[in-house]
Amino acid sequence: MSVRDIRLFGDPVLRTVASPVVEFDKQLRTLVQDLTDTMLEAPGAGLAAPQIGVALRVFTYNVDDVVGHLINPELTLTEETQDGEEGCLSIPGLTFDCTRAYGVVARGFDMHGEPVVIEGTERLARCIQHETDHLDGILFVDRLDDATRKAAMRAIREAEWNGLEAPVVKQSPHPMFGRGM
């Protein structure tokens, strides 16, 4: 199918709550394939539909050489937590320690509308939680402790990809008072 552009931090679609999928048709299968192709090309451990500008509850994942997808996920999380480095294709090149549930049971559907249950711990659990957050308009930086979130926001502001250019300092054509004038 095709590799799509990944939306970056600041794009409003990343803060939009995605709509549930109601039609399991060819268009949905194309979306899943585009998400998979884009995720693998990036490369990333997961990619949610809002990250390519589609506000539907769909994500793909690639953890421990297992590639899959989940539609309309509902999660049950363990009480046990894990701390670990987390990054995001919509916040490229930056990683921060983030606390997540250690395990997850994710229920949803495949692209044909068949029920799916995914159980995972550690990296798979982190990925599923991260991608499901995207479907709710939540970014992993929202889950960081205050000090880490402040450092993350500073790093995002300073990142080359954020589109903000360093201010240009221009010389005034007007004489400056008090300088030999």
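Here are the numbers for this structure:
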item	result
Residues of the stretch 14-35 classified as outside any loop (DSSP other than H, G, I, E, B) and open to solvent by 20 Å² or more (accessible area, probe 1.4 Å), total	7
Cross-chain or 6+ apart pairs with Cβ under 6 Å, the stretch 40-55 first and in contact (Cβ under 8 Å) with a residue 12 or more places away in the chain, then of a type in the set (A, V, I, L, M) and open to solvent by 10 Å² or more (accessible area, probe 1.4 Å)	Glu41/Val3; Ala42/Leu89; Gly44/Leu89; Ala49/Leu56; Pro50/Val13; Gln51/Ile6; Gly53/Val13
Hits in the stretch 133-172 - residues which are open to solvent by 30 Å² or more (accessible area, probe 1.4 Å), at pLDDT 90 or above and not in a helix (DSSP H, G or I)	Asp136, Ile138, Asp145
Given (1) open to solvent by 30 Å² or more (accessible area, probe 1.4 Å); (2) not in a strand (DSSP E or B), index of the condition Gly44 fails	(1)
Condition broken by Gln51, with the remaining ones in (1) closer than 20 Å to Leu139 by Cβ; (2) open to solvent by less than 50 Å² (accessible area, probe 1.4 Å); (3) not in a helix (DSSP H, G or I) satisfied	(3)
Residue satisfying condition, being more than 25 Å from Ile6 (Cα to Cα) and of a type in the set (Val, Ile, Thr), within set Val104, Val141	Val104
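The values are calculated or read from the model by the stated rules, or taken from the named source; none is laboratory data. Here the structure is a predicted model, which means the values were calculated and not measured. Cβ: placed from backbone, ideal geometry, glycine included. Neighbour counts: every protein chain shown. Please note that ligands, DNA and RNA were not included when accessible areas were found on the heavy atoms of the full protein model with its side chains. Shrake-Rupley method; radii C 1.70, N 1.55, O 1.52, S 1.80 Å.
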